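The values are calculated or read from the model by the stated rules, or taken from the named source; none is laboratory data. All of these numbers come straight from a predicted model, not from anything done at the bench. Here the Cβ is made from the backbone with ideal geometry for all residues, glycine too, and neighbour counts use every protein chain on show. The area values use the complete protein model at the heavy-atom level, side chains included, leaving out ligands, DNA and RNA. Shrake-Rupley method; radii C 1.70, N 1.55, O 1.52, S 1.80 Å.
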Amino acid sequence: MEFERFLADEQATVRLGEDLALTLRKGDILALHGDLGAGKTTLARSLIRALAGDAELEVPSPTFTLVQSYDKRVPVHHFDLYRLSSADELDELGFEDALEQGAALVEWPEKAGDRLPPSAARVELVEEGEGRTVRISASGALGERIARSFATRDFLHAAGWGEAHRSHFVGDASARSYEIVTLGDQPARVLMNSPRLVLGPPVRDGKPYAEIAHTAQSVSAFVAIDRALRDGEVTVPKIHAQDLEAGFLLIEHLGAEGFLEAGKPVAGRYAAAAELLAMMHGKTWPDRIDIEPGVVHTVPPFDRDAMMIEVELLLDWYFAAVAAKQPDDALRAGFRQVWNNLFDRVDKEEKTLMLRDFHSPNIIWRGDRTGHDRLGIIDFQDALIGPAAYDIASLAMDARVTVPVEIEASTVEAYIAARSKAGGFDAEAFTEAYAIMAAQRNSKILGIFVRLDRRDGKPDYLKHLPRIRDYLRRALAHPALAELRDFYHRHGLTEDASI
């Protein structure tokens, strides 16, 4: 891939550094070409500062040290090879080891001879009038990431935010990522980068997993659910600019305070979130939402096929890892039968708008507000029409933080109390549905976290497995799940295991 951009001034070069910093991964190399004074060090300095999230970070030129290393979000090593007399001296600098640890910026890369791999991106800076032109040649995944980052900058420009500073905010288990963008004295905004979902191979009835599980395939789903929630008096981000086709949104930054305190659950905040859900579940929600003229989002149902393919992740990934073998046909058939019996029961229970990932990473605490406005809700594009109990199970058995039994209980009690005020609420039926949905969700998550490790190279998710197993055991304690509990016990699905 070939890219060319004109940089009118030093600030444009700084913005280029930010754009490139957001693309770097371990093993990437940017080979910086250009004459003395062309701006190579300026570009490298801005890139490193962007990775560090510190615009004032001291970034000395490595002219005399030959290499400077920075242990930041992505570890990066800044090489200046001008004084090298031979490419063999790269070994003394630990060049290959540096690439195993992080990314590399290389000034005067021609001194490396043929030691740079073909995957290295060529970044050439040439003075032109009062500014400079940058020409970039990059291939493979790095080239694709650079193209996406430049498309992001173009989207910001179209939104009137072309000169904004960009910084990494957060990524998640999907391909989505988020940035904080700032421009002058305007309030910071969040940029959502959500490329269209790449559907995998067919796994059942000619359909890929994401289609069966009703995973959102484009950013249009976020826009639609955002509109519905806002109309329903739920605090969600205002959308300032959107490109539905490209998958970019510029949205309101609801705040920086997490839902937890010192990394631990706060009972009052969980109760407040439960009361928000109670309010939501007392409303009627649309299943068809207009996005823009001619574009309508249909909210899918959390149907039997979706529930089953999710819960079967437990067999496909978690069981396969623990037992070191694939489940046979008899095990799979027995598993489906037990779960179908439970799905028959939950089918009879109340259905509503189900946000699907209603837990601490997706809730902003706004303590200076009152009522339900204290809770800002994000990351709801995968919403479905499904059992009301599901989101309470997602909240009270928070996958990302250990919720003690007593806070789980007080969260559920807060929900039941709020729903009961309106009358006609069957607390006993809800409690049974809560246990079934908690078992379904935590079974799915055990499978997903192993899949993230084994398939996607994200081992950090494995640290959550003990917590999820504990949640699963809590759910299975309900009398209505006795058959499932016995099945799981027989096949070692609730036992502690190292993976």
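Descriptive notes on the structure:
- Looking only at segment 39-55, and only at residues there that are in contact with a Lys or Arg (Cβ under 8 Å, 6 or more places away or on another chain) and surrounded by fewer than 17 Cβ atoms within 10 Å (Cβ to Cβ), the one that is nearest to Pro117 (Cα to Cα): Gly53
- Answer residue from segment 225-258, given it is at negative phi and of a type in the set (Gly, Ala, Ser) and is most open to solvent (accessible area, probe 1.4 Å) among those: Ala256
- Residue selected from segment 73-98 under the condition of a type in the set (A, V, I, L, M) and closer than 19 Å to His33 by Cα, by the criterion surrounded by the most Cβ atoms within 10 Å (Cβ to Cβ): Val76
- Just one of the listed residues (Arg473, Arg490, Arg467, Arg485) is open to solvent by 10 Å² or more (accessible area, probe 1.4 Å), in contact (Cβ under 8 Å) with a residue 60 or more places away in the chain and not aromatic (Phe, Trp, Tyr), and it is Arg467.
- First in segment 315-338 and closer than 12 Å to Leu493 by Cβ, second anywhere and in a helix (DSSP H, G or I) and open to solvent by 70 Å² or more (accessible area, probe 1.4 Å), Cβ under 6 Å, 6 or more apart: Val338/Glu483
- Some residue of segment 208-224 being of a type outside the set (Ser, Thr, Tyr), closer than 26 Å to Ala50 by Cβ, open to solvent by 30 Å² or more (accessible area, probe 1.4 Å) and assigned to a loop (DSSP other than H, G, I, E, B): no
- Scanning segment 186-202 for residues that are at pLDDT 95 or above and assigned to a loop (DSSP other than H, G, I, E, B) yields Gln186, Pro187, Ala188.
- A count restricted to segment 155-173 and to residues that are at pLDDT 95 or above, among the aromatic types (Phe, Trp, Tyr) and either in a loop (DSSP other than H, G, I, E, B) or open to solvent by 70 Å² or more (accessible area, probe 1.4 Å) (or both) stands at 1.
- Filtering Val234, Val219 for residues that are in contact with a Ser or Thr (Cβ under 6 Å, 6 or more places away or on another chain) and under 18 Å from Ile377 (Cβ atoms) leaves a single hit, Val219.
- Top-ranked residue of segment 365-387 - restricted to ones that are among the aliphatic types (A, V, I, L, M) and modelled with pLDDT of 95 or more, ranked as surrounded by the most Cβ atoms within 10 Å (Cβ to Cβ): Ala383
- Filter result (within 31 Å of the chain's Cα centre (by Cα) and not in a helix (DSSP H, G or I)) within segment 403-441: Val403, Pro404
- Candidates in segment 264-307 are the residues that are among the acidic types (Asp, Glu) and in a helix (DSSP H, G or I); of these, the one that is surrounded by the fewest Cβ atoms within 10 Å (Cβ to Cβ) is Asp305.
- Yes/no for Lys351 being of a type in the set (Lys, Arg) and without any contact (Cβ under 8 Å) to a residue 12 or more places away in the chain: no
- Among residues of segment 308-362, those that are acidic (Asp, Glu) and surrounded by 17 or more Cβ atoms within 10 Å (Cβ to Cβ), counted: 5
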